[in-house]
Amino acid sequence: INDILDFSKIEAGKMELECSEFEPVEAVESVCELLREKIVDKKLELVVDMHRLPAALRGDAMRLKQVLLNLLSNAVKFTEAGTITIRGLVASASDSAMNIRFEIADTGIGMTEAQQEKLFRPFEQADRSTTRQYGGTGLGLSISQSIMKMMHGAIGVTSKLGAGSTFWIEVPFGSVVPPVHSALSGKHPHQTSRPPDDAELELRARGGGSVLLVEDDLMNQLIALELLHRVGMEVDLAHNGKDAVFMVSQKEYELILMDMRMPIMDGIEATGQIRKIRGKENLPILAMTANAFSKDKETCSDAGMNDHIAKPVKPDLLYALLLRWLPRVRSPDEPSKATPVQWN
C-alpha cells in the first residue's frame, strides 16, 4: 500500500523533496540497522565501506534512505549465502556540489540481461517465479528510479545469473561548509526545505523524551525514526506486540507509538497486556494505522489506547500528538500528575 501511494504521488507530480543538512554515514548506518535482524538470521556477512564519504551533505536524506533501503532489502531477499557489500564514494565534486555514488553488491541469484532490461518497469520483477518465491509488488525499483530522476541522479545494475548483482546510484548533493548547521543554500531544482512548525520547535526545546516505536514495516520504521530523531527523541524499536510488552516490562518509556497490524501479536492485544503491567495503566499509547474510521477508533479506545494517528504519518500531526501526550517537563519540586486514559 505504501509503494502504491508513493507511485501515485510520483505519477501525479505530488511528491516533493526536502533540502537539509545530514550525515551520509549515519544515513547508511540507519538503513543497515533496520535490516540487521534479517541479515543475522540468514547468516550473511555485511561489509560497509563509507570511509571515503564527506562528513556532511545537503539534500533529501529521507528519500536517499528510501532508495538505499529498497536496494539493500532486495540484496538481502535474493541472497541466501555469502556477502553483501555497501560502499559510498565521491564520483565527482565542485566547489558547491558533490556527485555521490553508492553501490550495493551481493552474492545472490543474479539476473540475465533480459531480466535486467525490464527490472525498473512498474509492477515488474525479474520474472513471475520471483514474485511467487520471494514476494513483492515490483514497485520498489520503479519508485527508486523515479526518486533518482527527481533528485537529478541515476540508478543502474550490473548482474550475472547465478553470480550476484551490483545496484548503484549516483546523486548530486550540495556541499556543506563548516559549521554543519550553517544556513541552507544552493538547493537543487524542485527541492524545498520544510520550515519547522510550532509543535516541532517546542519538542526540540523540550529536550527529547523516551519513546517506544512498535512497527513491523521497514519503510514505516524508517520514516517514524527519522521524524522522532529530528526532535531529539530517544527511540527503541519493537518489531511486534510481543516484543513491545516485554520491553515495556523492562524499561520506562514516556510514550508508545503502536502499529495496529503486526505478526505474532497485534497492537490491540499488546496494548491490553501492557495495561495489565503495574504502573503502566496511564502510559500514553498512540495507535498508528492506515484505518481512520470511527469503528477503528472505538476499537483502539476500547483496548486502552489514548489517541490515533493515520498512516502515512504527517509530521505536523505527529508532533502535535507527541506534544499533547508526552509528560511536560516539570521542575524538580513539582509533583507529577497521572494522565487519564481517554479518546479524543
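The values are calculated or read from the model by the stated rules, or taken from the named source; none is laboratory data. Since the model is a prediction, treat every value here as computed from it, not as a measurement. Counting neighbours? That spans all protein chains shown, and the Cβs are built from the backbone with ideal geometry, glycine included. These area figures cover heavy atoms from the full protein model, side chains too; ligands, DNA and RNA do not enter into them. Shrake-Rupley method; radii C 1.70, N 1.55, O 1.52, S 1.80 Å.
Search the range 12-25 for residues being surrounded by 15 or more Cβ atoms within 10 Å (Cβ to Cβ) and not in a strand (DSSP E or B), and hand back the single one that is modelled with the lowest pLDDT. Step by step, filter the range 12-25, then rank; the result is Met15. The set of residues in the range 23-72 being of a type in the set (D, E, K, R) and in contact with a Gly (Cβ under 9 Å, 6 or more places away or on another chain) consists of Glu45, Asp49, Arg52, Arg58.
For the range 225-244, the set of residues classified as under 23 Å from Asn282 (Cα atoms) and open to solvent by less than 20 Å² (accessible area, probe 1.4 Å) consists of Leu228, Met233, Ala238, Asn240, Gly241, Ala244, listed by residue number.
Scanning the range 245-264 for residues that are at pLDDT 95 or above, more than 16 Å from the chain's Cα centre (by Cα) and open to solvent by less than 30 Å² (accessible area, probe 1.4 Å) yields Val245, Val248, Tyr253, Leu255, Ile256.
Mind checking which residues of the range 279-319 are farther than 23 Å from Leu201 by Cα and at pLDDT 90 or above?
Within the range 279-319, the subset farther than 23 Å from Leu201 by Cα is 279-283, 287, 289-306.
Selection gives Gly279, Lys280, Glu281, Asn282, Leu283, Ala287, Met305, Asn306.
Listed by first and then second residue, the pairs with beta-carbon distance under 9 Å, at least 6 apart or on different chains, first residue in the range 146-159 and under 22 Å from Gly108 (Cβ atoms) and surrounded by 20 or more Cβ atoms within 10 Å (Cβ to Cβ), second at pLDDT below 95 and of a type in the set (Asp, Glu), are Ser159/Glu113. Here the condition is being open to solvent by 60 Å² or more (accessible area, probe 1.4 Å) and modelled with pLDDT of 90 or more; of Thr107, Thr83, Thr79, it holds for Thr107 alone.
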